[in-house]
Every structure is written in C-alpha cells, then in structure tokens.
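The values are calculated or read from the model by the stated rules, or taken from the named source; none is laboratory data. From a predicted model like this one, the values you see are computed outputs, not experimental measurements. Neighbour counts are summed over all protein chains in view; Cβ atoms, including those assigned to glycine, are modelled from backbone coordinates with ideal geometry. Surface accessibility is based on the protein's heavy atoms, side chains included, excluding ligands, DNA and RNA. Shrake-Rupley method; radii C 1.70, N 1.55, O 1.52, S 1.80 Å.
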Amino acid sequence: MKICLFDIDGTLINTAAAGKDAMIDSFQSTAGIDVLTTEVRVSGKTDRGIAQELFDAHHMPLTDEAWSKFLDSYMIGLARNLPLRDGRVLPGIEALLNQLAERDDIALGLLTGNVAQGAYLKLTHYDLMHHFKFGGYGDQHPDRNDVAQAAKDACEAHLGHAVRGDQIWVIGDTANDVRCARAIGAKAAAVATGVFMREELAMSEPDLLFDDLENADALLAELRG
C-alpha cells in the first residue's frame, strides 16, 4: 500500500485568493481594526499559524473565544468568495487523481494547512473532495510538521493498521511541504504551481520536482515500485 497526501492551495487548486481575502476580512472583523500592520503570507502555513501570526503582530491574544469567532467569520467569507472568484483546478490534477483512485493499492489523503471545514468548502466547490477519505488539517497546529503527523495518524486509523514513512508521498508546492514530509519519514514531490519557482523548490531537495502535474509519469512510476 502506498499513501499520497496532497496539499490543497497551489497544489490541487488556485482559488484566486478567495481564502486569503476571507481570512484577512475575518481577522479585521474579529480584531476590530481597519488596517493590517503586517504583510500576510499564507503559502506553506497552517490556518491556525496564520491566525496566530496576525494576532501576535497586532499585540492581541488568540484566545479560544477569539479563534472560534475568527474561524466562524472566515468560513462564512470563504463560502461567499469561492463562487465569485476565477479560480481553477491546477493542470493535470483531475487526471492524476482519477488514475490514483482506480488503484486499490493507493490511499489518497490530505495534508493541508487549511482547517478541515475550509478544505471541505474548497474541494467541494472544485468537485475534488470525493477523492479524499482522511487527512491532517490546520485547525489546531501552527506547525506543519504536526499536521503531517496528524495526517499519518488519520491514514492509519482509516486503513486500520500502521504505515511506514517510506510508504507515504507528500505532494505540495512549498518547501514546508517537503520539510513536513521528512518529519514523518515520507518522500516528497514538489510542484511549482504555487507562488514558489522551480529553482526555489529545488533548494528543499524534494525526491521529485515538477513544473506542474500535467505529466506525472515520474510519480506514477515511483508509486508502482
């Protein structure tokens, strides 16, 4: 059995900033401010970690109550934004997922910084959610390495048995995806369909590196091995 854990934003889909804009609006509403005092960088991070950075930068505590209020507002804004933006499924993704879904020796899951509800909203909108039965999400963990462990744990619960790190491939568009793969002993495929160029991704030393997943033969060959 091989396991493929996919990142979402920049790897599977591009939402045309539907999530980022909803998150900024949510923070401003929750914090009661009109202007951010820090630049918001979201790629490769978790929703919990991004929220923590925003609250810290504005010298405000991210209490459980504040997180709950922020998250409720964010989900409303995300659901509103998705159909208004010119987003898309990224090249090769639908064909690749369909190929992998046909195999009984492949388990497909998510390893994403999105909170679980945000992942569901995004992938349901782009008709991809049905491919994924388990995952690790950014609801609780600021550190993506912890999300990777949560995804591995969820995979084991789904399959009903332990899995080794070398059975797992993490597919993502940032160096953090590669790093969190290493944290669970997994292999990593990096794809330059997000904000990072191929040359930047190469510095993180992934096992495979793609411009996009239109031609994923190298990954499919590894999964047959």
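What's the lysine pair count for the chain at a Cα cut-off below 16 Å, pairs eight or more apart or interchain?
Within the chain, the lysine pair count is 8.
Enumerate the calculated ³J(HN,Hα) couplings along segment 98-108 in order (Karplus 6.51 cos²θ - 1.76 cosθ + 1.60, θ = phi - 60°), each rounded to whole Hz, writing x wherever the residue is Gly or Pro.
5, 5, 5, 5, 6, 9, 8, 9, 10, 10, 9
Roll a 1.4 Å probe over the protein heavy atoms and report the accessible area of GLU222 in Å², nearest 10.
80 Å²
Of ARG103, ARG182, ARG88, ARG48, which has the most accessible area and how do the rest follow, probe 1.4 Å?
Heavy-atom accessible area, descending, gives ARG88, ARG182, ARG103, ARG48.
Report the Cα centroid-to-centroid distance between segment 198-225 and segment 4-45 in angstrom, as an integer.
Result: 26 Å between the Cα centres.
For the pair ARG198/GLU156, report the inter-label distance in nm, with labels modelled 7 Å from Cα in the Cβ direction.
3.8 nm
Provide the percentage of antiparallel DSSP beta bridges, counting only those with both residues in the chain; round to the nearest 5. Before the final figure, lay out the partial values.
Numbers: 2 of 21 bridges.
Here the antiparallel bridges make up roughly 10 percent for the chain.
Once the whole set of protein chains is in place, how much accessible area is left on SER73, using a 1.4 Å probe, in Å² to the nearest 10?
Accessible area, nearest 10 Å²: 40 Å².
Given a 1.4 Å probe and the protein chains all in place, what does the accessible area of VAL195 round to, in Å² to the nearest 10?
100 Å²
With the chain treated as a Gaussian network of Cα nodes joined by springs under 10 Å, which of THR124, THR11, THR174 yields the largest mean-square fluctuation?
Result for the chain, Cα springs under 10 Å: THR124 fluctuates most.
Per residue and in Å³, how big is the convex hull formed by the alpha-carbon atoms of segment 79-225?
115 Å³
Using a basic spin-label model with each label point 7 Å from the Cα along Cα→Cβ, how many nm lie between ARG80 and MET60?
It works out to 1.7 nm between the two label points.
At 1.4 Å probe size, with the rest of the protein present, what percent of the exposed accessible area of segment 1-90 is carbon and sulfur atoms?
48 percent
Scan around ALA188 for amide H atoms under 5 Å from its own, H built in the peptide plane at 1.01 Å from N, and keep only partners 5 or more places away or cross-chain.
Long-range HN contacts for ALA188: VAL170, ASP207, LEU208.
Report, to the nearest 10°, how far helix 64-81 tilts away from the longest principal axis of the Cα atoms in the chain, using its own Cα long axis and a range of 0 to 90°.
Between the helix axis and the principal axis of the chain, the angle is about 70 degrees.
Taking all protein chains as present, what is the carbon and sulfur share of the accessible area of segment 91-189, in % to the nearest whole number, probe 1.4 Å?
Solvent-exposed carbon and sulfur of segment 91-189 make up 46 percent of the total.
When ligands, DNA and RNA are left out and all protein chains stay put, how many square angstrom of accessible area per residue does segment 10-162 have with a 1.4 Å probe?
In whole numbers, segment 10-162 has 47 Å² accessible per residue.
Taking the Cα-to-Cβ direction at LEU208 and at GLN149 and moving 7 Å from each Cα, how far apart do the two end points lie in nm?
Label-label distance for LEU208 and GLN149, simple model: 2.8 nm.
By how many degrees, between 0 and 90 and to the nearest 10, does the Cα long axis of helix 116-125 differ from the longest principal axis of the chain?
70 degrees
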